[in-house]
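The values are calculated or read from the model by the stated rules, or taken from the named source; none is laboratory data. A quick note: this is a predicted structure, and the numbers were derived from the prediction, not measured. Ideal geometry is used to build each Cβ from the backbone, glycine not excepted, and the neighbour counts take in all protein chains shown.
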Amino acid sequence: MSKSDASIDPRILDSARREFLARGFEGASLQSICADAGVTTGALYKRYKGKADLFEAVVAPTLADIRALEEEAKRRDYALMDDKNLRELWALSEDIHRQWMIYFYERYEGMRLLLCCAEGTAYANFLHDFVARNTALCMEFVNEARRRDLPVSDIDADELHILLTAYWSTVFEPLVHGFPLEKALGYCKRIAGFFNWQVVFGF
């Protein structure tokens, strides 16, 4: 029995990544992907159920990194923090924003696929879904502050979702527009000043 060509999967994924970035999921052609990868459509269908399955495989590493961050945040035990540390948790400096920007730019193509090219896939509402999970995590912080009777605003989950949508849209916008990293980093000071989360939370 002949061995399968181990180079086929990387070639398909690289070709698919380029095609999805250029045309979006809905405009992408499996025939073009196969031609660019130098494989037959039969070889592709042996590995992927179709275009949606292929898109899933291309964005999987980026999604895994994001989910790992979310899991790390879920493990954070606010009850173990003293009041000072709890208040300072949302003192997001320019440097912290620069770290975030670098993190997402290190996953540049995956983020652009999720933010700009996912219409027609399960990730068409990536930003909304990302913010919804972020909101749930942030409300745990708000509820802990209230449990301690700390001076905290009366913000609810709906309002927080609106504000976090604005915040993450701003953070992601340089990626959406394809700006170089250095230009995006130049925006971090104003982003940090504009989104004063300690004011939002009433600290």
Quick count over the range 105-115, residues being within 20 Å of Phe25 (Cβ to Cβ) and not in a helix (DSSP H, G or I), is 1
Inspect all residues belonging to the range 49-58 and state whether any of them is modelled with pLDDT under 95 and closer than 30 Å to Trp100 by Cα. no
Looking at the range 72-85, which of the residues that are in contact (Cβ under 8 Å) with a residue 40 or more places away in the chain and within 25 Å of the chain's Cα centre (by Cα) is nearest to Leu150 (Cα to Cα)? Tyr78
Do we find a residue being of a type outside the set (D, E, K, R), in a loop (DSSP other than H, G, I, E, B) and in the same structural domain as Ala73 (by TED's automatic domain parsing) anywhere in the range 92-104? yes
Just to be sure, is Lys46 loosely packed, with under 11 Cβ neighbours inside 10 Å and either outside the structural domain of Leu185 (by TED's automatic domain parsing) or assigned to a helix (DSSP H, G or I) (or both)? no
Are there any pairs with C-beta distances below 8 angstrom linking a residue in the range 190-201 that is part of a helix (DSSP H, G or I) to a residue that is small (Gly, Ala, Ser), with the two at least 6 apart or on different chains, and if so which? Ala192/Ser93; Trp197/Ala91; Gln198/Ala91; Val200/Ser153
Looking at (1) hydrophobic (A, V, I, L, M, F, W, C); (2) more than 19 Å from Phe172 (Cβ to Cβ); (3) touching an Asp or Glu at 6+ places or on another chain (Cβ under 8 Å); (4) surrounded by 17 or more Cβ atoms within 10 Å (Cβ to Cβ), can you tell me which one Ile12 breaks? (3)
Leu86: assigned to a loop (DSSP other than H, G, I, E, B), modelled with pLDDT under 95 and touching a helix residue (DSSP H, G or I) at 6+ places or on another chain (Cβ under 7 Å), yes or no? no
Taking Tyr103 and the conditions (1) more than 20 Å from Glu173 (Cα to Cα); (2) without any contact (Cβ under 8 Å) to a residue 60 or more places away in the chain; (3) not polar (S, T, N, Q), which numbered condition does it fall short on, given that it satisfies the others? (1)
Suppose we keep only residues that are in a helix (DSSP H, G or I) and of a type outside the set (Phe, Trp, Tyr) within the range 121-131. Which one would you say is surrounded by the most Cβ atoms within 10 Å (Cβ to Cβ)? Val131
Consider Gly178 against the criteria (1) exposed (fewer than 13 other Cβ atoms within 10 Å of the Cβ); (2) modelled with pLDDT under 95; (3) not in a helix (DSSP H, G or I): it satisfies all of them except one. Which criterion is unmet? (2)
Pick from Cys117, Cys138: which is of a type outside the set (Phe, Trp, Tyr) and under 24 Å from Val199 (Cβ atoms)? Cys138
Please go through the range 64-81 and pick out each residue that is modelled with pLDDT of 95 or more and surrounded by 14 or more Cβ atoms within 10 Å (Cβ to Cβ). Asp65, Ile66
From the list Asn134, Asn143, exactly one residue is assigned to a helix (DSSP H, G or I) and either touching a residue at least 12 places away in the same chain (Cβ under 8 Å) or within 19 Å of the chain's Cα centre (by Cα) (or both). Which is it? Asn134
If you go through the range 103-133 one residue at a time, how many are among the β-branched types (Val, Ile, Thr) and more than 20 Å from Ser15 (Cβ to Cβ)? 1
